[in-house]
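Everything on this sheet refers to the single structure shown next.
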Amino acid sequence: MPHVTLTVNGKSHTVDVEARTLLVELLREKLALTGTHVGCDTSQCGACVVHVDGTSVKSCTMLAVQADGADVLTIEGLAAADGTLHPMQEAFREHHALQCGFCTPGMVMSAIDLVMSHPQGLTEAEIRHGLEGNLCRCTGYHNIVKAIAAAWPVMHGRELVAAE
Amino acid sequence: MNVMFEGIGASMRRKEDLRFINGHGHYTDDINRPGQLYAIIRRSDRPHAKLLGIDTKAAKAAPGVIAVYTHADMAPDNLGGIPCGWQIHSKDGSPMAEPAHPILATGKVRHVGDPVAVVIAETRAQAKTAAELLEIDYEDLPAIAAVTDAIAPGAPVVHDEIGSNTCFDWHIGDKDMVDAAFARAAQTVKLDLTNNRLVPNAMETRCAIGEYDAMSGDYTLYTTSQNPHVIRLLMGAFVLHLPEHRLRVVAPDVGGGFGSKIYHYAEEALVTWCAGKLKRPVKWTADRSEAFMSDAHGRDHVSTAEMALDADGTFLALRVATIANMGAYLSTFAPAVPTYLYATLLAGVYKTPAVYAEVHAVFTNTVPVDAYRGAGRPEATFLLERLMDVIAHDTGHDRVELRRRNFIPADAFPYQTPVALQYDSGDYQTTLNKALANIAWDDFPARRAEAAGRGKLRGIGISTYVEACGIAPSKLVGQLGARAGLYEVANIRVHPTGSVTVFTGTHSHGQGHETTFAQLVADQLGIPFANVDVVHGDTNKIPFGMGTYGSRSLAVGGSAMVKAMDKIIAKGKKIAAHLMEASVEDIEFANGEFSVAGTDKKKTIGEIALTAYVPHNYPIDEIEPGLDETAFYDPKNFTFPGGCHICEVEIDPETGVTSVVNFVAVDDVGRVINPMIVEGQVQGGVAQGIGQALLEAAIYDDQAQLVSGSFMDYTMPRADDLPNILVGTETTLCTHNPLGVKGCGEVGAIGSPPAVINAVVDALRDYGVRHIDMPASPQKIWAIINAGAQKMAAE
C-alpha cells in the first residue's frame, strides 16, 4: 500500500492509502477532517474544494498519492489558532452567504482563490463566472456574491474599484 | 441591554454559522461509529422487469464482504413495506390503489434505481466492488414514464395486482356550477400545459447509519431527515416493528432538504435491519448519481385549464383537469401533493366564483414523486398565472388590469374559496403595486427598446400568487386523508440562572431555526439572545413533533413555543406574587421582569427561575418546583402567504439563451422575525423557481430510462445563471396564530416560475408565441425564433 506524506493545515502526516484513494477520502476518512464535503460524483459541485500548494483544487478529482509532498489547506485550517476568522469566513457570516452550510467549505475555499487571483479587482460578473465550479442549492448565490465582493478589500487591504 | 434590537424584527447574524464556516458542521456522513460496516445498494438498471434470480455467490466471496442480502433474506422477518402517510379517495368513493412497496424488490423491478440487493463490507470500496459481482437475472418488460402513456389503452401495467395504472381519480369543486357558467360565458380561454419533473438535489446526498446495542436491545438510526420523529414512527411501527422506546432517530446537521428528506426511505429501514442482524453499525451514503434515481422527485403534471369570462374580463368559472405522476410507488406524502396542496389552491388570488378540478394520479416506471419545495402550490400557481397571460393574449385585456379586476379585495377576508380553503388575510393589490414600483414597470418599454438596439429581445412577466402553509388542523387533515396529526411541540426549559434551552419538534436544514427561534424566545422572555439555545433533531432529546416542511416551522412550531412561554410566564407570576407578597392578578410581566403593578417592586426572570429550582421560599402547596414547560399547538387553519413576483429577461436571438436581468419579489409572509433570513429564504426559493423555468428537467426517454441522471446532464442553476434577487415584504398578519406569521420557505419557488415564463413569452411576442412549457431551454427558444424567422422570410 503506497504511503503519502503531506502537510495539512500546517501539520505533517504520513498515511497509508490504497492507490485509488482520492484526496477527499484521505482528508475525511484518514485525517477525520470532515469539513471538506462530497456533493457529487462528477466533479461538478465544488463542495470538496481545498487548497493544494495555494491553489484551489477539487479534492474529489485528485488522487491522494498525487498530493504527496503537497501543502494542503482545508476549511478547518482557515481561522487563526485563537479563533479569529479569515476575512472570507467573516464576510460569509456577515452577509448570510450560507444556509444549510454544506456547500460552504468548498465555496469559501474557491472564493479565497478567486479573490487572491484577481488582485486588479473583481466585477460582479467575474465573481459569478468564477463560481461556476461551485453549486449552492440554498442561497441563489445572491449573498455569496455580496460576501465575496465585501471580502476583497479586506483581503487586499484597499478599496475594490469596479473595473467594468 | 438592547433587548429590542435582538428581538423580533432584527437581522441577527446566525448562531449556526460559526460551526459551518469553520468546517465543524456535523452532518450524517461525518459520523463514524466504532466497528462500522459499509452498505452499497445494487439498484435496478432496468425500468421494468421480472426479477428471475439473484446470484450472490461471487459477491459473498469477495474480499471484506460480511453479508449480502436480498428480499428473500429479509422475508422471514415479516417486515412491513414502506408506508404511505396519506390516503385519497376517488370520485366514486373507493380508496386509492396502494401497492406494496418492499424494502428490496421482489418479483419485479419497477423503476431505474429500484433497490435489489445490499452488500455489506468492511470498507465502502470493498462493498462497491462486490456489488458489481452480483448477477441479476431480469426479464425485461415494456415500460412507461410519461403520464399520457400510463393511461393509454393497452399500456404496460406497473402493478399487476391493480390491473391499471390508476392510483386515484379524484375531484373537487362544483362541476354543475362550472358547466353552467361555461354555458353562459361570453368567452372562454383554454390552455394545455405541463409542469416539468424536477430533482430536488439538496447538496448533501442522503445518508443513513443503523446501530444496534445487543445489551439493551436499542436501535439508533442516524439519518438525513427533516423529521426524525416521523421516521421513528413510520419505520418503527410499520416497517421494522420496533417499539419507540427501543428506537432512537437522530437527524443532525442536514445539508438541505427542500422536501426530499421528509420521506421514510427504504435505505433507512435497510441499514437499521442490517445493524440488528450483524450486531455492528452499518453506514450507507448515496452517490449523487444514486440520489438522482432514489430521492423522491417533484412536480410532473400534465394539465388542461379553461376559464370562462364575461365580456369585461371578469372570471366566471375555472375548469382544470390534471394527470399527476406518482412514480412507481407511493412516497410518504405523494397523494396529498396533487390534491389538497394543489387543487385547493386553484382559486388563487382571484374571486372566481366556481372552480372544478379533476386529478388523475397514475403509476409509471419512474422514481416516486412527492413534495418538492412548494409541493402542489407551484403547479397551481404556474397553471393559473400562465392562464392569466394567455387570457390577456387571447382577449386583448391588459395583463395587470385583468388580475386587478379579479383579485379578492383586501376587505373581503376571511374569504371562502370555492375549493375548500378559507383565506384569513392578504392584500394582493398592495403587493402588486409595490412590485410594479420596485421594477419600474412603467419604464419597461424604454428598456425593451434599448435592448432591441443591442439586438436583444427583452420581456417582462408578472405572477400574483397565494399559497398555503402549516397544514392543519389535525382534525381537518385527518378527514382529508392524512394518517398523522399536524400539530407541533415545544419544550421551553428555563435553567436555574435564567438561560433557556428550547427543544423543538421542527428541524432545521438551512432555515436558521437556531437563530430565529432564539430571537423569538429572547424577545418574549426578555432575555439576551445569547442566552437561548435551540435543540432539534434527536428523538431522545425532543418531544414528539412532526418536523419541518410546508413552511410550517415558525407558524406551527413557533406558536407552540409561544404557548409554552405563556405557561412559563403564568407560573413565574405565581412565584413572583409569593416572593413579593402580592396577588397574582397584580403581577405584570414585561422585558424579562415580573413587577407588582403600581409599585417599583420587581424580580427578574433569572431570580424567579432560581427560586423555582431552589424552592426554599416557595408556594410549594400550590405549584411544583422547576420552570420547564411543554406545549403542543394544533393550528386552527392553514396560513396563506401571497404576493407578486416580476421577472425581466433578455433573450439572445442568435443562441436562444435567456438571461434573467431583473427579478423583484414582494411577498406577504406575515410578521417577520429575522428579515435577513426571510430575504435569504425567498432568494433561494426564487433561484429554484428560475431553475425550473429555464434550466431543470428530469428527463426519461420512451423506454423509461433516466437520461438526466447526474450533474453532467441535469442543469443545476449556477451563479452566472442567476440575477440579483430583490426581495421586499408587505405584511398582513395571520389572524389565527399568536405571532401573526405565515411562512416564507416556499414562496420563492411558488411565485417565480410563471413570472419567468410570462417574461419569456413576452420577449417573444413578435413571434406569435402563446405558451412555452418549462424549461424554456435555449434549444426550444432558438427553434421558435428560427421558425419565426423562416416564416417571415417566406412571407
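Any read-out appearing in this document is the output of simple, stated calculations on the displayed coordinates, not a laboratory observation. Note that this is a predicted model, so its numbers are computed, not measured. Note that we place each Cβ from the backbone using ideal geometry, even for glycine, and neighbour counts take in every protein chain shown.
For the peptide B:711-717, the mean number of other protein chain Cβ atoms found within 10 angstrom of a residue's Cβ is 4.
Taking packing as the residue-averaged number of other Cβ atoms within 10 angstrom, the listed peptides B:336-346, A:127-137, B:29-39 run from highest to lowest as B:336-346, A:127-137, B:29-39. Calculation over all alpha carbon pairs of segment A:1-151 in 5 angstrom steps from 0 returns a P(r) of 2, 10, 20, 23, 19, 14, 8, 4, 1, 0 percent. Using R0 = 22 Å, the C-beta based FRET efficiency linking B:Phe544 and B:Ala100 works out to 0.20. With the simple spin-label model, which puts each label point 7 Å out from Cα in the Cβ direction, the B:Asn617 to B:Asp773 separation comes to 7.7 nm.
In terms of Cα atoms, the Rg and Dmax of segment B:285-388 work out to 15.7, 59 Å. Note on segment B:574-589 and segment A:11-77: Cα centroid distance 62 Å, given to the nearest whole angstrom.
Hey, got a sec? Which GluC sites (Glu not before Pro) in segment B:635-697 land in a DSSP loop and have at most 15 other Cβ atoms within 10 Å? Please list the in-between numbers first.
Working: sites: B:Glu648, B:Glu650, B:Glu654, B:Glu679, B:Glu696; in loops: B:Glu654, B:Glu696.
Hits after loop and neighbour filter: B:Glu654.
What's the whole-number percent of alpha carbon pairs in segment A:87-156 lying beyond 20 angstrom? Every Cα pair in segment A:87-156 considered, those over 20 Å come to 15 percent.
Computed from backbone phi, the HN-Hα couplings of segment B:151-165 come to 9, 5, x, x, 5, x, 9, 5, 10, 4, 5, 7, x, 8, 9 Hz, rounded to whole numbers (Karplus: 6.51 cos²θ - 1.76 cosθ + 1.60, θ = phi - 60°; Gly and Pro given as x). Considering only Cα atoms, the convex hull volume of chain B works out to 187 Å³ per residue. Among beta bridges identified by DSSP and lying wholly in segment A:3-76, the antiparallel ones come to about 85 percent.
All other residues with a Cβ under 12 Å from the Cβ of B:Gln703 taken together, and with Lys, Arg as +1 and Asp, Glu as -1, what is their net charge?
Values: positive: B:Arg46; negative: B:Asp45, B:Asp140, B:Asp149, B:Asp701, B:Asp702.
Every neighbour counted, the sum reads -4.
Computed from the Kirkwood radius of its Cα pairs, the Stokes-Einstein diffusion coefficient for segment B:100-232 at 37 °C and 0.692 mPa s stands at 156 µm²/s. The loop-placed trypsin sites (Lys or Arg not before Pro) in segment B:263-318, going by DSSP, that have at most 13 neighbouring Cβ atoms within 10 Å of their Cβ come out as B:Lys279.
Pair-distance distribution of segment B:376-512: all C-alpha pairs, bin width 5 Å, starting at 0; shares per bin in whole percent are 2, 7, 10, 13, 15, 12, 10, 9, 8, 5, 4, 3, 1, 0, 0. Couplings for segment A:89-99, taken from phi via the Karplus curve 6.51 cos²θ - 1.76 cosθ + 1.60 with θ = phi - 60°, read 4, 4, 5, 4, 5, 5, 9, 6, 8, 9, 10 Hz in order; Gly and Pro are left as x. Checking the table B:Lys434/B:Lys563; B:Lys541/B:Lys571; B:Lys573/B:Lys636; B:Lys60/B:Lys108; A:Lys11/B:Lys541 against a 32 Å threshold on Cα-Cα, which pairs fail? Going by Cα-Cα distance, B:Lys434/B:Lys563; A:Lys11/B:Lys541 fall outside the 32 Å limit. Value of Rg to Rh for the protein assembly as shown, rounded to two decimals, is 0.97; Kirkwood radius and Rg both from alpha-carbon coordinates.
Would you mind giving the three semi-axes, in whole Å and largest first, of the ellipsoid equivalent to segment A:3-76 according to its Cα gyration tensor? Please report the intermediate quantities before stating the final value.
Numbers: eigenvalues 58, 36, 24 Å².
Equivalent ellipsoid of segment A:3-76: 17, 13, 11 Å, largest first.
Cα centroids of segment B:418-462 and segment B:40-87: how far apart, whole angstrom? Centre-to-centre distance over Cα atoms comes out at 53 Å.
The amide H of B:Ala482, built 1.01 Å from its N in the peptide plane, has B:Gln87 as neighbours under 5 Å, considering only residues 5 or more places off or on other chains.
Of the peptides B:491-498, B:572-579, B:156-163, the ranking by mean beta-carbon count within 10 Å, highest at the top, reads B:572-579, B:491-498, B:156-163. In summary, the convex hull built on the alpha carbon positions of segment B:691-795 has an orientation-averaged projected area of 11.2 nm². In order along segment B:458-475, the Karplus-derived 3J(HN,Hα) couplings, from 6.51 cos²θ - 1.76 cosθ + 1.60 at θ = phi - 60°, round to 10, x, 10, x, 10, 9, 10, 9, 9, 9, 10, 10, x, 3, 4, x, 4, 4 Hz, and Gly and Pro are given as x. For the segment A:18-30, counting C-beta atoms of other chains within 10 Å of every residue's C-beta and taking the mean gives 1. Please report the base-10 log of the normalised intensity I(q)/I(0) for segment B:583-624, using a Debye sum with one equal scatterer per alpha carbon and no solvent, at each q in 0.15 (1/Å). For segment B:583-624 at q = 0.15 Å⁻¹, log10 I(q)/I(0) is -0.39.
Averaged across B:683-689, how many Cβ atoms of other chains sit within 10 Å of each residue's Cβ atom?
Partner Cβ neighbours, averaged per residue: 5.
Each of B:Asp586, B:Asp114 was scored by other Cβ atoms within 10 Å of its Cβ. Arranged with the fewest first, they read B:Asp586, B:Asp114.
Taking each DSSP H run with n ≥ 4 as -39500 (n - 2.57) and averaging over every residue of chain B yields -8000 deg cm²/dmol at 222 nm. Distance from the C-alpha centroid of segment B:704-755 to that of segment B:536-559: 21 Å, rounded to the whole angstrom.
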